[in-house]
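Engineer: Can you keep this structure in mind? I'll have questions shortly.
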Amino acid sequence: MEGRGDREAEPEKRKMSETLCSVNVTTKLQRIAELAREDRTRVFTSVAHAINLEWMKEACRRTRKDGAAGVDGCTWADYATNLEANLSALATKIRAGT
């Protein structure tokens with residue numbers, strides 16, 4: 001019975017709202033961080049290759065929805081009306097560096 005209350009050996013339990021998508025995004029972020037820690041002289045010229053629609057959807061899910069409008073005046077509600085197309089276009093612009 002000793003150690004039965006110790007759950008450190010068990011993998012971290014995820015919240016019900018966390019999706020497979022968020023796990024994939026988190027894994028990518030962890031890998032980038034790991035590479036940076038392993039070699040502090042490593043230069044990352046871009047992580048744009050890691051940004052795709054899945055990444056953008058997860059970033060959007062994690063973003064506060066009650067924040068102020070952007071510099072373009074677009075609110076969360078405006079952006080969400082055509083979310084998938086907006087995220088896809090944004091991911092493309094990010095990868096292109098525009």
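Residues checked against (1) assigned to a helix (DSSP H, G or I); (2) farther than 21 Å from residue 91 by Cβ; (3) more than 12 Å from the chain's Cα centre (by Cα):
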site	(1), (2), (3)
30	yes, no, no
35	yes, yes, yes
46	no, no, yes
58	yes, no, no
74	no, no, yes
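Engineer: OK, next. Taking residue 64, is it assigned to a loop (DSSP other than H, G, I, E, B), modelled with pLDDT of 70 or more and in contact with a Leu (Cβ under 7 Å, 6 or more places away or on another chain)? Before the answer, list the steps.
Structural biologist: Numbers: assigned to a loop (DSSP other than H, G, I, E, B): yes; modelled with pLDDT of 70 or more: yes; in contact with a Leu (Cβ under 7 Å, 6 or more places away or on another chain): no.
No.
Engineer: Return yes when residue 20 is modelled with pLDDT under 85 and either out of contact with any Cys (no Cβ under 7 Å at 6 or more places or on another chain) or small (Gly, Ala, Ser) (or both) and no when it is not.
Structural biologist: Numbers: modelled with pLDDT under 85: yes; either out of contact with any Cys (no Cβ under 7 Å at 6 or more places or on another chain) or small (Gly, Ala, Ser) (or both): yes.
In short, yes.
Engineer: For residues in segment 84-95 being without any contact (Cβ under 8 Å) to a residue 24 or more places away in the chain and not basic (Lys, Arg), which is surrounded by the most Cβ atoms within 10 Å (Cβ to Cβ)?
Structural biologist: Residues of segment 84-95 without any contact (Cβ under 8 Å) to a residue 24 or more places away in the chain: 85-86, 89, 92-93.
Within this subset, residues satisfying the condition of being not basic (Lys, Arg) are 85-86, 89, 92.
Numbers: 85: 9, 86: 16, 89: 12, 92: 14.
In this case the residue turns out to be 86.
The values are calculated or read from the model by the stated rules, or taken from the named source; none is laboratory data. A quick note: this is a predicted structure, and the numbers were derived from the prediction, not measured. Glycine gets a Cβ as well: all are built from the backbone with ideal geometry, and neighbour counts include every protein chain shown.
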